[in-house]
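Reviewing the structure listed below.
The values are calculated or read from the model by the stated rules, or taken from the named source; none is laboratory data. Just so it is clear, the structure is predicted and the values come from calculations on it, not from any experiment. Neighbour counts are summed over all protein chains in view; Cβ atoms, including those assigned to glycine, are modelled from backbone coordinates with ideal geometry.
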Amino acid sequence: MKISSKILHPSVILTLALVASSCTTVNKLSTKTRQLFGGDLQVEVTVSPNLNQKSPLAVELLLFEDKKLIPAVEGLEAREWFQSREQYFLDNKKGVRSYLWEWVPGQSVEPLTVKIKAGTKQAILFANYMAPGAHREKLDPRRHFVLHLGERKFRVEVDE
């Protein structure tokens, strides 16, 4: 059976157009899949050569499966979180997971893969800067992000 080039040409164009327009749809589907079944969250990190006034910086990502545990930490400044974190985990053995890192000024960081459990509701990121400020951000645990660690604060770019 021979396929006419007149039929093939428009179908190829249509297929390419659908693929190109579905990139956003595929990303949204991937995000919803992580919510339902868990999966890998990709995190990229850039570290300033003047990080934390030229000092190491602790950064912690909290992943909440239990919504009831969020209010106790969502209003804390990073300094308060790092002072109370040990007791928080003693009091809450389930429903929250943590990824804790420490980086030094100018460090090159390979992309990170964070395991997300099904039903993870919220993520909160703390960075223990010496400079005053909250140094905290709520994140969607299903959306990849880039973390830019600066001299006195951080910035997050969420994957669209």
Out of curiosity, is Val114 in contact with a helix residue (DSSP H, G or I) (Cβ under 9 Å, 6 or more places away or on another chain), surrounded by 13 or more Cβ atoms within 10 Å (Cβ to Cβ) and of a type in the set (Val, Ile, Thr)?
no
Does Arg136 meet the test of being modelled with pLDDT under 95, within 21 Å of Leu41 (Cβ to Cβ), within 18 Å of the chain's Cα centre (by Cα) and among the charged types (D, E, K, R)?
no
For Thr120, the lone unmet condition from (1) closer than 18 Å to Gly39 by Cβ; (2) among the β-branched types (Val, Ile, Thr); (3) outside any loop (DSSP other than H, G, I, E, B) is (3)
Going through segment 75-111 in order, the residues found to be part of a loop (DSSP other than H, G, I, E, B) and in contact with a helix residue (DSSP H, G or I) (Cβ under 6 Å, 6 or more places away or on another chain) are Asn92, Gly95, Pro105
Can you pull out the residues in segment 86-106 that are over 19 Å from the mean Cα position of the chain (by Cα), of a type in the set (S, T, N, Q) and at pLDDT 95 or above?
Gln87
